[in-house]
1. Multiply the residue gap between A245 and A343 by 0.36 nm, knock off their C-alpha separation, and tell me the result in nm, one decimal place.
2. Less than 19 Å from a label point 7 Å out along the Cα-to-Cβ axis of A118: which backbone N atoms in the stretch 208-231 qualify, by residue?
3. For S335 and A173, FRET efficiency with R0 = 45 Å and r from the beta-carbon atoms, rounded to 0.05?
4. Residues of the stretch 340-370 with the amide nitrogen closer than 13 Å to a label point 7 Å from the Cα of S438, along Cα-to-Cβ, please.
5. Hey, what do the phi angles of the stretch 352-364 turn into as Karplus ³J(HN,Hα) couplings, whole Hz, using 6.51/-1.76/1.60 and θ = phi - 60°, x for Gly and Pro?
6. Round to the nearest 0.05 the FRET efficiency obtained for S206 and S254 when R0 = 30 Å and r is the Cβ-Cβ distance.
7. Classify the stretch 260-413 as rounded, prolate or oblate from the Cα gyration tensor: take a ≥ b ≥ c as the square roots of its eigenvalues, call it rounded if a/c is under 1.5, otherwise prolate when a/b beats b/c and oblate if not.
8. Could you tell me which of the pairs K323/K392; K327/K392; K181/K323 are separated by over 27 angstrom between their Cα atoms in the structure shown?
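Read the figures in this text as sums done on the coordinates, not as results from a lab. Computed from a predicted structure; not experimentally measured. Counting neighbours? That spans all protein chains shown, and the Cβs are built from the backbone with ideal geometry, glycine included.
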Amino acid sequence: MLRCRPKGWGLSESVILIRLRVRDTLQTDIRYKINERRFVVTRPIDECIHVMLSTAIMPPITVAFAPFRSSLTTSIRSVLKRSVPFMRASGASVLIGVLSCAHSVQAATSDERARFEAPVKAVADQRIAVDTPHGSALLPVYADHPLNQPVPDVTRVFIVMHGTLRNADVYYASGLQVVEKSAEARKDTMVVAPQFLTSADTRAFSLPPSTLAWSQEGWKGGEPARKPGPISSFEALDALLAHFADRRLYPSLSTVVMMGHSAGAQLLQRYAVTGREGDALARAGIVVRYVVANPSSYLYFDDERPNAQAIADGTCPRATQWKYGLKSAPPYVASQDVRNLEAHYVARDVVYLLGQADTNPYTHFIDRSCAGMAQGPYRLARGLAYFAYLKKRHPEGLAQQVVEVPGVGHDGLGMFTSACGLAVLFGRALPTSCPVISGTATPAPGAAQ
């Protein structure tokens, strides 16, 4: 029997609402409309619940019930037995189906957790020094040129963010493949991939204690590292960008493109909002572009969401907290004037690269928490909704755009090596096959059109 916790439920004249959460990660609302004798699922755990509940026939419920508090491990079945004591066999069979669906999703989630908590298979061979007021440390980095030697021919740098599995070697290889797609860029483009490790990774490879390590989720949102000191992943990115501002090493550098897919795009989007060093590069005449591809969630600046009910009724306070909102932000963010963050962000060259086929709401580590679901059902919808939100807040001055990639789903290499992706990364004119949603400002020179 799957065990879970009832999050909250209530009774109106015609509707019974049962709100369930599975291990504080998956949430569903099941409403039984008494007069119509049918179920309505507003936040489904799995598609099979739709089928079972839409075809179920429940008896009229005439016995009112009062709220009760159960322990963390009260089962769904016992909750519903106490709430609706006169269910017939048809209703019971539906509940068994619901349990089966929820159990299958929870099992998949457990498998995913095991994958991303496992140590990485490879660690980058170069290091960037990260010096902060909280201490100094080293960030592992892949690069196709030695980081301590001048490279006078390099005019463009691609900084590739890895995804949830921290497999920077795979994303580094993807960056190299992007460059291979453009013959004229092979001599003047450098590819770099930072690696944000966890403590499990540093233990598995017996890395020196000076190597930065975060929690599994912490690096995605700029949280302080667990060791060797409380250094934010955003501070690590600041140090990486500062390295490329050194004209002794990169005298010809004119463009830095930061690119991230999935969890790497989550990190990049938050860094594009809060990062300090990008503006310093821009003042030095180095153009910085942020290419945010298919993230699972975005940083909002207020309480507005595509699905704001969970915020309005108070059942999902996390939806407005960091990394989904600015409340309870980590020290790197909280130490800044948050009133200026949005103004700086909308003026930055950000391209949201969205796969038109990235519409599966259950795969590839998608954020299915209530905070994630408040932003939309799947990644494409979340990206389009977020850009519409920005345009609504900024009818003028939004120097950003959405570029959709036809025929590509949640595939980082497919996104970046597509005709649309290559045009965005190299600042070329977009093919007519790439749907574009423009911002509200005149595009910067070199911006994809």
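1. Residue separation times 0.36 nm, minus the Cα-Cα distance, leaves 32.9 nm.
2. 216-217
3. Given R0 = 45 Å and the Cβ-Cβ separation, E is 0.80.
4. none
5. 8, 9, 10, x, 5, 9, 7, 10, 7, x, 10, 10, 6
6. 0.15
7. It comes out oblate by the Cα gyration axes.
8. Violating the 27 Å limit, Cα to Cα: K181/K323.
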